[in-house]
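Computed from the coordinates by the stated procedures, all read-outs in this text should not be read as laboratory data. Just so it is clear, the model here is predicted, and its values are computed rather than measured. Positions of Cβ are generated from backbone atoms using ideal geometry, with glycine treated the same way; all protein chains shown enter the neighbour counts.
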Amino acid sequence: MNKYIASAFMTLLLSPGIATASMSIVKDNAGNVVAVDPWSYLDESVMWTSARSSNPNGGKVQGVLKVKYAIEDNNWRHSHQHNGSDTLTFVQGVMRFNALPDWYLAFTSGRKTNYDGSWESQTYISQDQWTQVILGRESFYKQLRYGWDVMGGSVSLEDRWQARLKLFADLQLTDSLSIFGYAYQQVDHRRSGGTQNDRDVNSFQFEPGAQYIINNSTGVWFRNLFSSGRLDRKQWGDIKNKEWTTSAGVWHNWGKLSTTFSGGYGHDSKYNARKDDSEVFQSSRYKYIKLSANYPVTRRFTLSGEVTGTDLKQNGSWVTNGKAWTTEYKMMVDFNF
């Protein structure tokens, strides 16, 4: 059976029709679930292999195109203060080629607008636009899937070029239990760094996890995220960033409707890297719950949504101090070709 799991993964690449696009579920010929891609379907900011075409009669190029919209609102307790953002992803996609089934080409472009006030009454603060292109390859060895990808892109807010190298893998230990993870190193280069105090940002992120398939309609997963970064500054000392998040969730299929309920907690901090300066710019502790759902409206189109509620407590010299309840709403439609 274990050998068949590996072959099912490979068959998925060559014949995407046996997968359910909304959850990237791999089934054998008898209809049994043998693997589930562990990465979020609504957010491929890090992992792109979860986006697979469900079109069984695709041409030489197969893939997925998505449009996403997200709203985030921070409601600070014991005050009337609100702030937040809205994010529109103009286009996001992954393409695979029949002649090169192990390779994928991904891309994303969009903009994020930050504001003070509520959603109904906003004061504009800033806007950031991004464009990224990702080239990757995944390979298989028995029950192991592994791969790498490289990203190149740009963001407008601080006029930066981006480059990232990522490694990822997942291993099927038994018919039901698997472990997975990725690690990446990223550089955000300040193009106008010669005239700015803030220069390049170097960051590293690592996220291992485990998943267990209970039956054909239900499974659970657990993840641990660790990240660190350093912002080079011309004066006043560099800024260090550290974050960790622990999360767990359960996915369940209600026929065509797929749902995931998850929650987690974590800590994010930014502080001066100089030993003689103990200034904390930001220290945030948070707990969250999240509900995601997606439904294939037709064979080609899938509609998805997600709601996240976060209990946030933060302090620091650069942020709003106190407690807040943060809500985030996401909507997405994708087209499989």
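Comparison of LYS166, LYS112 shows that the only residue that is charged (D, E, K, R), part of a strand (DSSP E or B), touching a residue at least 60 places away in the same chain (Cβ under 8 Å) and closer than 28 Å to ASP200 by Cβ is LYS166.
If the condition is being of a type in the set (D, E, K, R), without any contact (Cβ under 8 Å) to a residue 40 or more places away in the chain and not in a strand (DSSP E or B), then the stretch 231-266 contributes LYS234, ASP238. Please verify whether the stretch 186-195 includes one or more residues that are among the hydrophobic types (A, V, I, L, M, F, W, C), surrounded by 14 or more Cβ atoms within 10 Å (Cβ to Cβ) and free of Cβ contacts under 8 Å to residues at least 24 places away in the same chain. There is no residue in the stretch 186-195 that is among the hydrophobic types (A, V, I, L, M, F, W, C), surrounded by 14 or more Cβ atoms within 10 Å (Cβ to Cβ) and free of Cβ contacts under 8 Å to residues at least 24 places away in the same chain. As a summary of the residue check, THR259 satisfies the conditions (1) more than 28 Å from VAL201 (Cα to Cα); (2) surrounded by fewer than 15 Cβ atoms within 10 Å (Cβ to Cβ); (3) β-branched (Val, Ile, Thr) except for the one numbered (2). Of THR310, THR320, THR302, all but one fail to be hydroxyl-bearing (Ser, Thr, Tyr), crowded, with 18+ Cβ neighbours inside 10 Å and under 24 Å from GLY229 (Cα atoms); the exception is THR310.
Scanning for something part of a strand (DSSP E or B) and over 21 Å from GLN282 (Cβ atoms), does the stretch 223-230 turn up at least one residue? Within the stretch 223-230, one or more residues are part of a strand (DSSP E or B) and over 21 Å from GLN282 (Cβ atoms).
Filtering the stretch 169-185 to residues that are outside any strand (DSSP E or B) and without any contact (Cβ under 8 Å) to a residue 60 or more places away in the chain leaves LEU173, SER176. Considering the stretch 118-153, and only residues there that are polar (S, T, N, Q) and within 18 Å of the chain's Cα centre (by Cα), the residue that is nearest to TRP325 (Cα to Cα) turns out to be GLN129. If you go through the stretch 279-303 and keep only what is touching a strand residue (DSSP E or B) at 6+ places or on another chain (Cβ under 7 Å) and in a loop (DSSP other than H, G, I, E, B), you end up with GLU279, VAL297, ARG300.
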